[in-house]
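**Student:** Please find one structure pasted underneath; my questions will follow.
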Amino acid sequence: MISVEEALELVLSNKKDFGTETINLLHSIGRILAQPVLADRDFPAFDRVTMDGIAISYNTFAQGQKSYTIEGIQPAGVKQTMLHNKAHCIEVMTGSVLPVNADVVIPYEQCEITNGIASLTTDKITCFQNIHNQGSDAKAGDVLIEKFEKITPAIAGILASVGLSDVEVLRLPALAICSTGEELVDIEQIPESHQVRKSNIYALATALISEGIQVTIDHLPDEPAQMKGQIKQLIATHDAILFSGAVSKGKFDYLPGVLSDLDMKLIFHKVAQKPGKPFLFGKFDNGPIVFGFPGNPVSTFACFYIFFYAWLKASLHQKSATGSAILDKDIRFTANLDYHVLVKTTFKNGVLYASPVSGTNSGDLVSIGKADGLITLPRNKELFKAGEVFRFIPFCRNGL
């Protein structure tokens with residue numbers, strides 16, 4: 001039985017490359033760029049006026065001139081005009097090109113216009129004020145966005161500004177999520193007293209689907225031959241397969257044997273942790289990665305967020321959303337295992353505190369809904385005191 005640290009290292013060492021694809025910019029939010037984005041021209045592409053007002057030559061003001069005949073107007077979106085007489089001015093609009101021979105923009109609020117004459121009402125003017133100089137943000141050819149950045153609405157605006165209506169992004173993995181066990185029935189059914197509705201696979205699938213990841217949902221019966229046939233079909237078409245249940249030592253836990261018969265390379269089976277000790281991890285040559293989670297809901301959630309989520313993020317060149325939180329009450333745990341505790345978090349004076357969700361065990365699905373995430377208490381220690389800081393992994397509230 002290996003440690004959580006060893007297990008996570010093995011999981012991350014088996015991250016995958018899913019390839020790339022090109023998608024429309026409007027469908028790209030949340031996706032990961034597969035290439036750097038370069039400026040196709042200077043940004044801004046011209047000396048850009050940033051205030052509605054008048055444009056003048058600074059030298060005339062420096063020589064004491066305060067009134068200027070309006071020579072013309074420079075609207076936004078119109079080719080650059082010229083200030084022919086430097087003793088005159090040109091009205092300019094926000095976003096327009098600065099006229100030739102002008103190097104100062106004075107807002108309308110600082111001048112009075114009467115009979116075509118603009119008179120300044122301020123003595124405080126500096127050269128190049130209210131002008132966004134060409135190339136001051138970026139030069140043509142500069143890297144605007146690095147490869148592997150996640151596309152946000154702001155980044156989408158930058159992509160549009162360089163003419164990328166279609167964007168090359170990392171392909172998302174095709175995933176299969178399989179429940180196991182004869183005690184599970186479809187969510188539309190009314191279960192008998194000895195049955196329960198499928199829940200784990202829907203909790204995981206909805207988190208992944210909300211990220212745009214393709215998910216196949218399947219159920220495996222407690223019958224090795226049929227189990228083997230269904231898994232064989234999934235191997236050919238998926239990048240990873242997630243199993244919930246049938247990985248422990250029960251009489252009907254056939255999954256490890258079936259995966260072995262299908263030539264899965266077992267990387268580890270059992271981790272020194274609670275919950276989730278029977279966690280299984282393996283891979284098929286030129287095929288999918290396999291995550292075998294114990295079937296109890298808290299065990300499934302813990303293994304999903306600690307191991308699968310970290311693997312997925314690493315495969316997509318992203319950092320996992322982990323942090324730290326301060327325990328707000330004492331916990332005693334005597335087993336020599338890493339202990340994953342469901343917690344509710346609160347901010348106090350800008351610091352994150354974690355409060356254990358009471359009454360939880362590995363089969364307590366309701367408690368998961370009350371939790372914001374989990375903290376991991378390290379083995380080889382029995383008393384964990386309030387005020388100590390531990391690793392915190394948040395549960396997703398809207399996708400991953």
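**Student:** Pick from the range 195-220 the residues that are of a type outside the set (Gly, Ala, Ser) and in a loop (DSSP other than H, G, I, E, B): which of them is farthest from Ile177 (Cα to Cα)?
**Tutor:** Residues of the range 195-220 that are of a type outside the set (Gly, Ala, Ser), as a first pass: 195-198, 200-202, 204, 206, 208-209, 211, 213-220.
Adding the requirement that they be in a loop (DSSP other than H, G, I, E, B) leaves 195, 198, 211, 213-214.
Values: Gln195: 20, Lys198: 12, Glu211: 15, Ile213: 12, Gln214: 11 Å.
Per the stated criteria, the residue is Gln195.
**Student:** Still on this structure, I have one more. Would you check which residues across the range 289-311 are farther than 19 Å from Arg391 by Cα and either part of a helix (DSSP H, G or I) or touching a residue at least 60 places away in the same chain (Cβ under 8 Å) (or both) and list them?
**Tutor:** Taking the range 289-311 as the starting set, the residues that turn out to be farther than 19 Å from Arg391 by Cα are 289-297.
Those that are farther than 19 Å from Arg391 by Cα and either part of a helix (DSSP H, G or I) or touching a residue at least 60 places away in the same chain (Cβ under 8 Å) (or both): Ile289, Phe293, Pro294, Gly295, Asn296, Pro297.
**Student:** In addition: Out of all the residues in the range 320-354, which are without any contact (Cβ under 8 Å) to a residue 24 or more places away in the chain and assigned to a strand (DSSP E or B)?
**Tutor:** First, the residues of the range 320-354 that are without any contact (Cβ under 8 Å) to a residue 24 or more places away in the chain: 346-350.
Result: Thr346, Phe347, Lys348.
**Student:** So which of Asp253, Asp239 ends up being of a type outside the set (Gly, Ala, Ser), closer than 30 Å to Arg391 by Cα and surrounded by 18 or more Cβ atoms within 10 Å (Cβ to Cβ)?
**Tutor:** Details: Asp253 fails: closer than 30 Å to Arg391 by Cα.
Unique residue meeting the criteria: Asp239.
**Student:** Right, another one. Being under 30 Å from Ser57 (Cβ atoms), surrounded by 15 or more Cβ atoms within 10 Å (Cβ to Cβ), touching a residue at least 12 places away in the same chain (Cβ under 8 Å) and polar (S, T, N, Q) is the requirement here; does Asn200 meet it?
**Tutor:** So Asn200 does not fit the description; no.
Yes/no matrix, rows are residues, columns are (1) farther than 29 Å from Ser3 by Cβ; (2) assigned by TED's automatic domain parsing to the domain that holds Gly181; (3) surrounded by fewer than 19 Cβ atoms within 10 Å (Cβ to Cβ):
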site: Gln226; (1), (2), (3): yes, yes, yes
site: Lys232; (1), (2), (3): yes, yes, yes
site: Ser244; (1), (2), (3): no, yes, no
site: Phe268; (1), (2), (3): no, yes, yes
site: Val290; (1), (2), (3): no, yes, no
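**Student:** How about the range 64-173: which strands (runs of 3 or more DSSP E) wholly inside it have at least 2 residues that are at pLDDT 95 or above, touching an Asp or Glu at 6+ places or on another chain (Cβ under 7 Å) and surrounded by 13 or more Cβ atoms within 10 Å (Cβ to Cβ)?
**Tutor:** In the range 64-173, the matching strands (runs of 3 or more DSSP E) lie at 67-74, 89-92.
**Student:** Please verify whether the range 378-388 includes one or more residues that are assigned to a strand (DSSP E or B), touching a residue at least 40 places away in the same chain (Cβ under 8 Å) and touching a strand residue (DSSP E or B) at 6+ places or on another chain (Cβ under 8 Å).
**Tutor:** Within the range 378-388, one or more residues are assigned to a strand (DSSP E or B), touching a residue at least 40 places away in the same chain (Cβ under 8 Å) and touching a strand residue (DSSP E or B) at 6+ places or on another chain (Cβ under 8 Å).
**Student:** Also: Name the residues in the range 100-157 that are without any contact (Cβ under 8 Å) to a residue 24 or more places away in the chain and of a type in the set (Lys, Arg), would you?
**Tutor:** Lys124
**Student:** For the range 179-192, indicate whether the set of residues that are at pLDDT 75 or above and assigned to a strand (DSSP E or B) is non-empty.
**Tutor:** yes
**Student:** On to the next question. Taking the condition of being at pLDDT 95 or above and within 11 Å of Ala174 (Cβ to Cβ), how many residues in the range 216-236 meet it?
**Tutor:** 2
The values are calculated or read from the model by the stated rules, or taken from the named source; none is laboratory data. These numbers were taken from a predicted model, which means no experiment stands behind them. No Cβ is skipped: glycine too gets one built from the backbone with ideal geometry, and neighbour counts run over all protein chains shown.
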